[in-house]
Amino acid sequence: MNQLIRRNSFFDDFFTKDVFDFGKRFLESGFTMPSVNVKEEDTAYQIMVAAPGMKKEDFNIGIDRNILTISSENKSETEEKDEQGFFTKREFNFSSFSRSFTLPESVDIDNIEASYENGILNVSVPKKEIAMQDIKRIEVK
């Protein structure tokens, strides 16, 4: 007597799982926008991006016409094979994000620095030193 062995597949999930479960799985797959905090200090703006589980090589940071863009793309692939070498499961994941910030004219673009530690990308955007202007007194005639 032959027994039918059911393997978990996309079609099984599609027909047996609640439709609302797919939203949860979508968020768990890494397709979320990281949280960003921007803090103004006396000498610089601090941009902090919450991106746990990433490496510093995963980030792309650039400036084009006073617009600072922070982005990342991450690709991964996993596969499982049975003892005969046939695929039983093969998945890939692709996640990306891009955040852009318009920089004020008062920033020193040439000295922007970035570091990544403990899941936080910190971009320090220093302000230009503004020369004190001489106060001029105008005589009323």
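For THR16, state whether it is among the β-branched types (Val, Ile, Thr), modelled with pLDDT of 75 or more, farther than 30 Å from SER124 by Cα and loosely packed, with under 10 Cβ neighbours inside 10 Å.
Details: among the β-branched types (Val, Ile, Thr): yes; modelled with pLDDT of 75 or more: no; farther than 30 Å from SER124 by Cα: yes; loosely packed, with under 10 Cβ neighbours inside 10 Å: yes.
Taking the combined requirement at face value, the residue does not satisfy it.
Filter the stretch 53-62 for residues that are touching a strand residue (DSSP E or B) at 6+ places or on another chain (Cβ under 8 Å) and assigned to a loop (DSSP other than H, G, I, E, B); which is surrounded by the fewest Cβ atoms within 10 Å (Cβ to Cβ)? Don't jump to the end; show me each part of the working.
Pass one, the stretch 53-62, residues touching a strand residue (DSSP E or B) at 6+ places or on another chain (Cβ under 8 Å): 54-56, 58-62.
Filter once more, keeping what is assigned to a loop (DSSP other than H, G, I, E, B): 54-55.
Values: MET54: 16, LYS55: 10.
It comes out as LYS55.
Criterion first (part of a strand (DSSP E or B), hydrophobic (A, V, I, L, M, F, W, C), at pLDDT below 95 and open to solvent by less than 50 Å² (accessible area, probe 1.4 Å)) does PHE101 satisfy it?
Working: part of a strand (DSSP E or B): yes; hydrophobic (A, V, I, L, M, F, W, C): yes; at pLDDT below 95: yes; open to solvent by less than 50 Å² (accessible area, probe 1.4 Å): yes.
When the stated conditions are applied, PHE101 passes them.
The values are calculated or read from the model by the stated rules, or taken from the named source; none is laboratory data. Note that this is a predicted model, so its numbers are computed, not measured. Methodologically, a virtual Cβ is constructed for each residue, glycine included, from the backbone with ideal geometry; neighbour enumeration extends over all protein chains shown. Keep in mind that these areas ignore ligands, DNA and RNA; they rest on the heavy atoms of the full protein, side chains included. Shrake-Rupley method; radii C 1.70, N 1.55, O 1.52, S 1.80 Å.
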